[in-house]
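A short write-up of the structure that comes next.
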Amino acid sequence: MYIQINKSKGKNGKVYQSVLLCRKYRDKETGTPKTEVVLNLSKYGLDDKIITALKTAINKTKGVLVDSEDLKINKTINFGFIYLLLIMMDRLRISETLEKAYGSKTNIIKLMIIGKIATQGSKLHIYNWIKRNSYIAERLGIDIETLKLDDLYFELGEFSRMQTKIEKKWNLYHSKRHKNIYLYDITSSYFEGTENVLSAFGYNRDGKKGKKQITIGLITDSTGFPLKIQVFEGNEIDCKTVNEQLRDIKEQFGAEYIILVGDRGMRIRLNLEELTESEKQNISYISALSSSEIRALINDKVIQLELFSKDLVEIEDGGIRYILCNNPILQTEKNQTREALKSRFEQEMSSIKKSWDKRHEQNLENIKKIQKGHKNNKLVTAFTEKKLDNYKYRVTKFLKQYKMSNFYTIIISNDIFKIDYDLQKYQEAKSLDGKYVIESTVKKENMSTKQVREKYKELQNVEHAFRDMKTDKLNIRPIFHVNEAQTRGHVFVCMFSYAIVKELEMVIYPWLKKYNKENNCKLSYHDITDELNNIKVSELAIGCKLKKIIVPELNKIQNEITKLFNIKIEDIMTV
């Protein structure tokens, strides 16, 4: 059936309208299509609104017919990015790792992992965030009505106590990533407060003077994907953490052969000397030498300065491979920086010496005046200890600030302001600018000279991990926890959060490079996460009983990103 509206004009020019409810049918004998008027609706005096509603009701063959006033959106949340994080947590087998190795309250740990990426905030921030987002809570299997802030803190402590078991399972799932090569580096993270037993004053990498800190050691595969993380006291020295990590890799990961890649501060060779023969069996390393160690090799005639060139040169001595590397661009930069620092230091020294000379001349003048019988017996004839200490403090400060302590010796007394410059030491230091030596015990048949250098360069992936963890992608710092177990749990949670971020970067950055080039734009990682956040989930209420989850139409970038990660919109809309 259908509504048919007929209009006709009378002799007086007036327009008449008839509203008919009709149906189509075929004559059984002739097969000719015919129309039957079922009901003349004109006599009921229906207005246009009711007629339109009737037409809609008759034409609507699927779904439910409701009035526009019965349609409303109950809530809308930014869910696209969160959904991707949930997917990545499953794809990386974080969920599986936690469920099998941790079990109890896994959903709260998953909340903190996802919440850290989504909010970059504290546990209180994450708690308040999930309380506002019941849809996300349902996805995580969390009852926000019964959830308490203390639940998050309690599970952090329990999570840290299960760390060894969890890391074993985690490495089992990702053992194919590293292929016996482990990158290791450490960083520090500062505290707000002083009560934590792990906090201590140490080598400050955050530029936060007067703040206690913890030391964090991270083991990754060659791409920087995190495999193990450990918290040490804030004053722990880099090299003192190495042997413990090696033992853990052997025991927890069951590694039969280990190649540990660490920077020069790890002093891996010296650490291995402290291990027993059985402990250091099947352990090789790749590291770098300090400037003093390079100079010692030159003095001992093991290597020669002229061997440093653009091409790699390898020398083997005592079972250790030394790979001589030179970076001309870095050499120029370091030379220019050193010269600039030297110039600024000498300007500061000139200013300080002028002040000392002026005061010294005045002292000598006062001595002459007294010798001639000057009546003022309060004339200053010598520097006070306080004044001399002030000059010495300023000199020491600038020696350290401009890194000139090795090249200048400065003597200050009541009668002398002497500056000795060691040109030979300066030239020696300058000759090593841009030059570095990689040492390794990996056998040549297992890794070529070029491969050893490339593996050492991959340490920048661990540095990148620390940058992501400490800046606006995760904001692991500052740390507010007082309890030791909760502090360790906080860092452990951040490791899993970073695993997700790392995997996102591995997919997004190559795509971004191509997309920006093709579209002549400069989108960043954060632009992409913002676009994902703008994929909103809305709960549409239809009448008094029916509810439906809807997602607005995606734009071009959102469509491409969902395809990139193989996200299906219909899965997002599933309650």
message: I'm checking my understanding of the structure. Among residues of the stretch 116-152 that are of a type in the set (Gly, Ala, Ser) and closer than 19 Å to Lys75 by Cβ, which one is nearest to the chain's Cα centre (by Cα)?
response: Ala118
query: Among Arg269, Arg321, which is the only one that is of a type in the set (Lys, Arg) and modelled with pLDDT of 95 or more?
result: Arg321
- prompt: Hey, among Leu324, Leu330, which residue is in contact (Cβ under 8 Å) with a residue 60 or more places away in the chain, under 28 Å from Ser405 (Cβ atoms) and in a helix (DSSP H, G or I)?
  reply: Leu330
Hits in the stretch 496-522 (condition: free of Cβ contacts under 8 Å to residues at least 12 places away in the same chain, closer than 16 Å to Leu564 by Cα and either assigned to a loop (DSSP other than H, G, I, E, B) or hydrophobic (A, V, I, L, M, F, W, C) (or both)): none
- line: Within the stretch 462-478, of all residues that are modelled with pLDDT of 90 or more and acidic (Asp, Glu), the one nearest to the chain's Cα centre (by Cα) is Asp468
statement: Scanning the stretch 348-391 residue by residue, those in contact (Cβ under 8 Å) with a residue 24 or more places away in the chain and of a type in the set (Val, Ile, Thr) turn out to be Ile352
statement: Taking the stretch 1-48 and keeping residues over 19 Å from Asn59 (Cα atoms), out of contact with any Gly (no Cβ under 7 Å at 6 or more places or on another chain) and in a strand (DSSP E or B) leaves Lys7, Ser8, Lys9, Val15, Gln17, Ser18, Arg26, Pro33, Lys34
Helices (runs of 4 or more DSSP H) enclosed by the stretch 72-155 - at least 3 residues per element that are of a type outside the set (D, E, K, R) and within 27 Å of Leu172 (Cβ to Cβ): 80-91, 94-101, 106-119
- request: Answer with yes or no whether Arg264 is in contact with a Leu (Cβ under 8 Å, 6 or more places away or on another chain) and modelled with pLDDT under 90.
  value: yes
- request: Select from the stretch 16-61 the residues that are more than 11 Å from Tyr2 (Cα to Cα) and either in contact (Cβ under 8 Å) with a residue 40 or more places away in the chain or touching a helix residue (DSSP H, G or I) at 6+ places or on another chain (Cβ under 8 Å) (or both) and list them in ascending order.
  value: Gln17, Ser18, Leu41, Leu46, Ile51
task: Return only the number of the condition from (1) small (Gly, Ala, Ser); (2) touching a helix residue (DSSP H, G or I) at 6+ places or on another chain (Cβ under 6 Å); (3) within 26 Å of Tyr322 (Cβ to Cβ) that Ser222 does not satisfy.
output: (2)
message: Name the residue that is farthest from Gly489 (Cα to Cα), counting only residues in the stretch 180-198 that are in contact (Cβ under 8 Å) with a residue 40 or more places away in the chain and not in a strand (DSSP E or B).
response: Asn180
field: Condition check for Thr276: free of Cβ contacts under 8 Å to residues at least 24 places away in the same chain and surrounded by fewer than 19 Cβ atoms within 10 Å (Cβ to Cβ)
entry: yes
message: Looking at Gln427 and the list (1) surrounded by 12 or more Cβ atoms within 10 Å (Cβ to Cβ); (2) in a helix (DSSP H, G or I); (3) among the polar types (S, T, N, Q), which single condition is not satisfied?
response: (1)
query: Within the stretch 434-443, is even one residue basic (Lys, Arg) and either in contact with a Gly (Cβ under 9 Å, 6 or more places away or on another chain) or surrounded by 17 or more Cβ atoms within 10 Å (Cβ to Cβ) (or both)?
result: yes
- request: Return yes when Arg338 is at pLDDT below 95, of a type in the set (D, E, K, R) and part of a helix (DSSP H, G or I) and no when it is not.
  value: yes
Among residues of the stretch 355-380, those that are farther than 23 Å from Arg394 by Cα and in a loop (DSSP other than H, G, I, E, B), counted: 8
query: In this structure, is Ile214 out of contact with any Lys or Arg (no Cβ under 8 Å at 6 or more places or on another chain) and at pLDDT 90 or above?
result: yes
message: Can you report the number of residues in the stretch 448-466 which are free of Cβ contacts under 8 Å to residues at least 60 places away in the same chain and either of a type in the set (A, V, I, L, M) or part of a loop (DSSP other than H, G, I, E, B) (or both)?
response: 1
field: So Ile237, is it of a type in the set (A, V, I, L, M, F, W, C), surrounded by 16 or more Cβ atoms within 10 Å (Cβ to Cβ) and more than 16 Å from Thr441 (Cα to Cα)
entry: no
query: Do we find that Ser199 is surrounded by 19 or more Cβ atoms within 10 Å (Cβ to Cβ), more than 22 Å from His174 (Cβ to Cβ), at pLDDT 90 or above and not aliphatic (A, V, I, L, M) in this structure?
result: no
Ile410 vs. criteria under 30 Å from Glu458 (Cα atoms) and of a type in the set (Val, Ile, Thr): no
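The values are calculated or read from the model by the stated rules, or taken from the named source; none is laboratory data. Since we're looking at a predicted model, the values are computed, not measured. Virtual Cβ from ideal backbone geometry, glycine too; neighbours counted across all protein chains shown.
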